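*Asks:* Before I ask anything, let me first share the structure, which is written out below as structure tokens.
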Amino acid sequence: MKDRYNHHELEEKWLKKWETGDLYRVGDFGERPGFYCLEMFPYPSGKLHMGHVRNYSIGDVVARFKTMQGYDVLHPMGWDSFGLPAENAAIKHGDIHPADWTTENINTMREQLKQLGFSYDWRREVATSHPGYYKWTQWLFLQLYNRGLAYRKRAAVNWCTSCATVLANEQVVGEGVCERCKTEVEKRELEQWFFRITDYARRLLDDLNLLEGWPEKVKIMQDHWIGRSEGTLIKFPVAGSNEEIAVFTTRPDTIFGVTYMVLAPEHPLVEKLIEGKEHAGAVRSFASRVSRLGEIVRTSADTEKEGLFTGAYCINPLNGETVPVLVANYVLYEYGTGAVMGVPAHDQRDFEFARKYGLPVRLVIKPPEKELGPETMEEAYEEEGIMFNSGIFDGLTSGKGKETVTDYLQEKGLGGRRVNYRLRDWLISRQRYWGAPIPIVYCDNCGVVPVPENQLPVLLPRNVAFKPTGQSPLADCPDFLQTSCPTCGGAAKREIDTMDTFMCSSWYYYRYTSPREENKVWDKAKVNRWLPVNQYIGGVEHAVLHLLYSRFFTKVLYDLGLVEVMEPFTNLLTQGMVLKDGAKMSKSKGNVVSPEDIIKNYGADTARLFILFAAPPERDLEWSDQGVEGCYRFLNRLWRLVVPLADNLSGISDQVLAQDLTVEERQMRRLTHQTIKKITDDISDRFNFNTAVSAIMELVNGIYKYKEENGNHKPEVLKEAVKNLLLLLAPFAPFITEELWEAIGGKGSVHKQSWPVYDLEAMAEEEVEIVIQVNGRIKERIRINTEASAQEMSEYVLAQPRIQQLIKGKQIIKVIPVPGKLVNIVVK
RNA sequence: GUCGGAGUGGCGGAAUAGGCAGACGCGUACGUUUGAGGGGCGUAUGGGAGACCGUGCGGGUUCAAGUCCCGCCUCCGACACCA
């Protein structure tokens, strides 16, 4: 046994032993209950960063803890390995293929993950860029296609010039920039593949209620993203034409206040309305200017509202009034019907617009205790009130009016109830090489033809040229492009777009159950055994990306009969970022701390311990080199505590006979068992690993103190303390605990032991310190028997001489005893 | 603007159900061990000479408030003309 803690030697030793012993292998159908612990798999960008270390350290504690608690834990790892950086590297350097670049990175990062001692079952590793995986990504695409959930349409889509590809709405973030590279996104009119996620809007929203184990924050973000809105559809006939303009409104009670109608510039009706009119030219150039701007600028709140009269009029179906039809930049074609009824008196946007263009303002809702005038009001009255100026509906409240007006419209065939969602369909095609090819063929005779399942995978060709042209290399690859039609056998062309990598990551957690399955997407019995994921852990940045897409996929898979769960992830933990000097670590800021260096200088145990100790998992974590030193010191301290005792303890039982113990021995046992309880609760109820670690530190401090004061009398007490200490620390610092476990004569791996159980009797305090307050201020602390009743406490406290002194000559109003805590004496 | 989250010593953070604010760690100071460096060990460490005062600010509820209620401020994050 060495007298110095040599993390290098020790970590290397155990890595080898664990690997050859298949310590972390988990079978498909064990006898123990199953627990699926999953962390979001990484993109193999090169090397691990601290965010990864944090994510995976948290997951590893959960996995090891659950294993020790008697579960069969599925704890897999893999790679989200399609994506742009690989292709960009190829374009930039020319001599490296994305596949090779990716493989190299995977090898590096896998090695790093192993060094950190994470308990993955590596036999289950998957990589989304592997043909054995993306074959099934393509197969799933076909299942969606066959159900009518994958379709092609021409639409104005988000285009990132830097990535040279389109993006889904969820991938445009912040001020309208690309989620990946933060470049401003443009609009382009292109023909693209979409998934009908909007068909699932209702279920995605309603089932958020099933997710009791998710942070409220994430559910609120998804709720808002889906954006359900209940309202009324109303049809306004166009004057002198057979056309009609449909609008969606949540305020049908304000319909008598309509003074104009607005269409989005892209609305197809615009062209029909302006045809042959004098305004036609001006409207066309306005429309093309506005729609080119893209949603970013256009939907920004500061953008000035602009509009133009089309020359057409439409008729309010309720009062028969004729109002002008305009086009305006503030109306979005993609939302609702792409048309809005203008009610300036009761909608702030309409109000601003009307004031700017001199359109009339007509009040139709009366506020409860206020008189408004159309000329004098300075903002719209958007609250509810009593309808007036509204014909037969006068006198109704807004609430009642909404219902009554809608019923009336429905009866007359002029409209009806309608639910609208903000969510749009998921754009999944990407104009890039390094992704799963969309398994579709275009045939001059047969049109769009899906590749038959038995011809999957559609392999990515390896020999293509990577040039900075912004065009997919697949377009220049005749071997790939030219094919024959699966239906008629004639000449046909392949789809050259590849799939959004979020599609690859929407189902990987199912594949882990059957990673090498060649004949089907997965073995259903295995999926049933493990899913849903009991604990999912990852960054909150995926709140409406990966997490929404995965929920959508799961619902589709459920409908297809491929899985039996409605939701993929029962419990979700979103960890905070790792910061240095208050900012996110980044190369440009030069504040990056590399996990490699930390592992080299201090070892994996220190790295893990620090990251778990420095902050609770959901919060951001401020990196501190000194904090790392502190954790390293702690492990050294642990080493110096256990090693000298090891030989003495190794032959000794930890079964303590409760009789004949000294006060100190009872105290030691109390601390041991209290710590077991504390850590068990901290991990299982709250994920408060930071307080768990601090409790372990306290136990170490306690053992030191006990050892000094007590020599080696009753070694069972010491053995019990040390043994439990190692078991409790094992999920956090797997290497050093394994080494010390061996040293104290532990049988088998520490990681295969049962989680310790606390003994209530050993834990119980005999005396507690309670506080004596007078009028809520602390005056005295005394020790008192734990068993003392409230009555006894009060009496005992009042009998204290110092208290007698304090309350002399005063009238006791009330005495409030709180057993085990305090006694408060209220005096006057 | 709307919706979330946070604000506690010199620093990271603790206080789990309204009951001792500051656990644990870092830093700092002093002492000790050592030939020295490093490391270890020990003591102290919110402020104030003190009665006392202290959890972003101002009110409130309560015997008792970091914790509950009302009104603000600051920071971070998400969404942002959604009809």
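The values are calculated or read from the model by the stated rules, or taken from the named source; none is laboratory data. A quick note: this is a predicted structure, and the numbers were derived from the prediction, not measured. Positions of Cβ are backbone-derived with ideal geometry, glycine not excepted, and every protein chain shown enters the neighbour counts. Accessible surface is based on the protein model in full, side chains and every heavy atom, while ligands, DNA and RNA are left aside. Shrake-Rupley method; radii C 1.70, N 1.55, O 1.52, S 1.80 Å.
*Asks:* With a sphere of radius 12 Å drawn around the Cβ of residue A:802, what net charge do the other residues whose Cβ falls strictly inside it have (Lys, Arg +1; Asp, Glu -1)?
*Replies:* Values: positive: A:779, A:781, A:808; negative: A:780.
Its environment carries a net charge of +2.
*Asks:* Could I ask something else about it? Roughly what % of Cα-Cα distances in region A:287-435 sit above 28 Å, to the whole percent?
*Replies:* Numbers: 3568 of 11026 pairs.
The calculated P(r) of region A:287-435 puts 32 percent of pairs beyond 28 Å.
*Asks:* Could you tell me how many degrees, from 0 to 90 and to the nearest 10, lie between the Cα long axis of helix A:625-650 and the main elongation axis, the longest principal axis, of the Cα atoms of chain A?
*Replies:* Approximately 40 degrees, to the nearest ten.
*Asks:* Check the straight Cα-Cα distances from residue A:814 and name the lysines below 25 Å, setting aside those fewer than 8 residues away within the same chain.
*Replies:* A:779, A:828
*Asks:* Let me ask something additional. Trypsin sites (Lys or Arg not before Pro), restricted to region A:499-573: which are DSSP loop and have at most 11 other Cβ atoms within 10 Å? Write out the running numbers ahead of the final one.
*Replies:* Details: sites: A:511, A:516, A:520, A:524, A:526, A:529, A:551, A:555; in loops: A:516, A:520.
When the trypsin sites (Lys or Arg not before Pro) of region A:499-573 are filtered for loop state and at most 11 Cβ neighbours within 10 Å, A:516, A:520 remain.
*Asks:* How much of residue A:167 can a 1.4 Å solvent probe reach, expressed as accessible area in Å² and rounded to 10?
*Replies:* Approximately 10 Å² of residue A:167 is accessible to the 1.4 Å probe.
*Asks:* What FRET efficiency, computed as 1/(1 + (r/R0)^6) with R0 = 30 Å and r the Cβ-Cβ distance, is obtained for residue A:529 and residue A:754, rounded to the nearest 0.05? Show your work: numbers first, answer last.
*Replies:* Details: r = 23 Å, r/R0 = 0.75.
Efficiency, from the Cβ-Cβ distance: 0.85.
*Asks:* Only sites in a loop by DSSP and with at most 12 other Cβ atoms within 10 Å count here; which trypsin sites (Lys or Arg not before Pro) in region A:375-482 make the cut?
*Replies:* Values: sites: A:400, A:402, A:412, A:417, A:418, A:422, A:424, A:430, A:432, A:462; in loops: A:412, A:422, A:424, A:432, A:462.
Those that pass, being in a loop and sparsely packed, are A:412, A:462.
*Asks:* Using 0.36 nm per residue of separation minus the Cα-Cα distance, give me the extension gain between residue A:646 and residue A:411 in nm, one decimal.
*Replies:* Between residue A:646 and residue A:411, full extension yields an extra 75.9 nm.
*Asks:* What is the pair-distance distribution P(r) of region A:368-437, computed from all Cα-Cα distances in 5 Å bins starting at 0, with each bin given as a whole percent?
*Replies:* Histogramming region A:368-437 at 5 Å steps yields 3, 11, 13, 14, 13, 9, 9, 5, 4, 5, 6, 4, 3 percent.
*Asks:* Using only helices, what value at 222 nm comes out for chain A when you add -39,500 (n - 2.57) per DSSP H run of length 4 or more and divide by the total residues, to the nearest 500 deg cm²/dmol?
*Replies:* It comes out at -11500 deg cm²/dmol, rounded to the nearest 500.
*Asks:* Taking K and R as +1 and D and E as -1, what net charge do the other residues with C-beta under 10 Å from the C-beta of residue A:755 add up to?
*Replies:* Working: positive: A:64, A:66; negative: none.
Its environment carries a net charge of +2.
*Asks:* From the Cα trace of region A:81-171, what convex hull volume per residue do you get, rounded to a whole Å³? Mind dumping the intermediate values first?
*Replies:* Numbers: hull volume 15.0 nm³, N = 91.
That works out to 165 Å³ per residue.
*Asks:* Against the longest principal axis of chain A, how steep is helix A:715-729, in degrees 0 to 90 to the nearest 10, with axes from Cα atoms?
*Replies:* 10 degrees
*Asks:* Name all residues of region A:126-140 having a backbone nitrogen under 12 Å from the label point set 7 Å from the Cα of residue A:518 along its Cα→Cβ direction, giving them as ranges.
*Replies:* Backbone N within reach: A:132.
*Asks:* Can you check what the net charge comes to around residue A:397, using other residues whose Cβ is under 12 Å from the Cβ of residue A:397 (Lys, Arg +1; Asp, Glu -1)?
*Replies:* Details: positive: A:366, A:400, A:402; negative: A:253, A:383, A:384, A:394, A:403.
Cβ neighbours under 12 Å give a net charge of -2.
*Asks:* Please work out the FRET efficiency for the pair residue A:686 and residue A:794, using the Cβ-Cβ distance as r and a Förster radius of 25 Å; give the result to the nearest 0.05. Can you show the working numbers first?
*Replies:* Numbers: r = 34 Å, r/R0 = 1.38.
About 0.15, to the nearest 0.05.
*Asks:* What's the carbon and sulfur percent of region A:363-469's accessible surface, probe 1.4 angstrom, rounded to a whole number?
*Replies:* On the way: 2750 of 5710 Å².
Answer for region A:363-469 is 48 percent, counting heavy atoms of protein chains only.
*Asks:* OK, next. Treating only the Cβ of Lys, Arg, Asp and Glu as charged (+1, +1, -1, -1), what charge dipole size does region A:767-827 show about its Cα centre? Round to the nearest 20 debye.
*Replies:* Values: 9 positive and 6 negative charges, 85 e Å.
Charge dipole, region A:767-827, about its Cα centre: 400 debye, nearest 20.
*Asks:* Can you give me the accessible area per residue for region A:767-827, using a 1.4 Å probe, in Å²?
*Replies:* Values: 3920 Å² over 61 residues.
Per-residue value: 64 Å².
*Asks:* Go ahead and run the numbers for FRET between residue A:802 and residue A:767, Cβ-Cβ distance against an R0 of 25 Å, rounding to 0.05. All intermediate terms of the calculation are to be shown ahead of the outcome.
*Replies:* Working: r = 19 Å, r/R0 = 0.75.
Efficiency, rounded to the nearest 0.05: 0.85.
*Asks:* Could you quote the convex hull projected area for region A:634-763, Cα atoms only and averaged over all directions, in nm²? If you can, show how the numbers build up before the last one.
*Replies:* Values: hull surface 28.9 nm².
Orientation-averaged projected area of the Cα hull: 7.2 nm².
*Asks:* So which trypsin sites (Lys or Arg not before Pro) in region A:129-218 are both in a DSSP loop and have at most 14 other Cβ atoms within 10 Å of their Cβ?
*Replies:* On the way: sites: A:135, A:147, A:152, A:153, A:154, A:180, A:182, A:187, A:188, A:196, A:202, A:203, A:217; in loops: A:147, A:180, A:182, A:196.
Listed in order of number, the matching sites are A:147, A:182.
*Asks:* From the convex hull of the Cα coordinates of region A:165-209, what is the mean projected area in square nanometres? Walk me through the numbers on the way to the answer.
*Replies:* On the way: hull surface 17.7 nm².
For region A:165-209, the mean projected area of the Cα convex hull comes to 4.4 nm².
*Asks:* Output the 0 to 90 degree angle, nearest 10, between the alpha-carbon long axis of helix A:348-357 and the longest principal axis computed from the alpha carbons of chain A.
*Replies:* 40 degrees
*Asks:* I've got another one for you. For region A:75-234, what are Rg and Dmax over the alpha carbons, in angstrom?
*Replies:* Just the Cα atoms of region A:75-234 yield Rg and Dmax of 19.6, 64 Å.
*Asks:* Once you have the Cα-Cα distance between residue A:482 and residue A:619, take 0.36 nm times their residue separation minus that, and quote the gain in nm to one decimal.
*Replies:* Details: separation 137, 0.36 × 137 = 49.32 nm, distance 5.25 nm.
In short, 44.1 nm is gained.
*Asks:* Sticking with this one: If you split all Cα-Cα distances of region A:147-288 into 10 Å bins from zero, what percentages do you get per bin, shortest first?
*Replies:* 9, 22, 33, 27, 8, 1, 0
*Asks:* How much of the accessible area of region A:676-828, in percent, comes from carbon and sulfur atoms when a 1.4 Å probe is used? Can you show the working numbers first?
*Replies:* On the way: 3690 of 7530 Å².
Exposed carbon and sulfur together represent 49 percent of the surface.
*Asks:* Let me ask you something else. Just the C-alpha atoms of chain A: what Rg/Rh do they give, with Rh taken as the Kirkwood radius? Could you put the intermediate results ahead of the total?
*Replies:* Details: Rg = 34.2 Å, Rh = 31.9 Å.
Ratio of gyration radius to Kirkwood radius: 1.07.
*Asks:* Here are some pairs, A:92/A:520; A:305/A:370; A:66/A:723; A:217/A:400; which of them have Cα atoms lying more than 27 Å apart in this structure?
*Replies:* Working: A:92/A:520 38 Å; A:305/A:370 29 Å; A:66/A:723 19 Å; A:217/A:400 33 Å.
Pairs exceeding 27 Å: A:92/A:520; A:305/A:370; A:217/A:400.
*Asks:* With a 1.4 Å probe and every protein chain kept in, tell me what percent of the accessible surface of region A:84-137 is carbon plus sulfur.
*Replies:* 50 percent
*Asks:* Please give the per residue accessible area of region A:441-521, computed with a probe of 1.4 Å over protein heavy atoms only, in Å². Show your work: numbers first, answer last.
*Replies:* On the way: 3850 Å² over 81 residues.
Here the per-residue accessible area is 48 Å².
*Asks:* While we're on this one: Please give the per residue accessible area of region A:548-663, computed with a probe of 1.4 Å over protein heavy atoms only, in Å². Before the final figure, lay out each step's value.
*Replies:* On the way: 5160 Å² over 116 residues.
Each residue of region A:548-663 exposes 44 Å² on average to a 1.4 Å probe.
*Asks:* Follow-up. Compute the Rg to Rh ratio over region A:747-828 from the alpha carbon atoms, using the Kirkwood formula for Rh, and round to two decimal places.
*Replies:* Numbers: Rg = 19.2 Å, Rh = 14.8 Å.
For region A:747-828, the value is 1.30.
*Asks:* Another one. Of A:467/A:584; A:356/A:402; A:17/A:114; A:714/A:752, which sit over 24 Å apart, Cα to Cα? Spell out each step's value before the answer.
*Replies:* Values: A:467/A:584 33 Å; A:356/A:402 29 Å; A:17/A:114 12 Å; A:714/A:752 28 Å.
As for pairs spanning more than 24 Å Cα to Cα, those are A:467/A:584; A:356/A:402; A:714/A:752.
*Asks:* Quick one: length gained pulling residue A:588 to residue A:288 fully straight, 0.36 nm per residue minus the C-alpha distance? List each step's numbers first, then the result.
*Replies:* On the way: separation 300, 0.36 × 300 = 108.00 nm, distance 3.87 nm.
Separation in residues times 0.36 nm, less the Cα-Cα distance, equals 104.1 nm.
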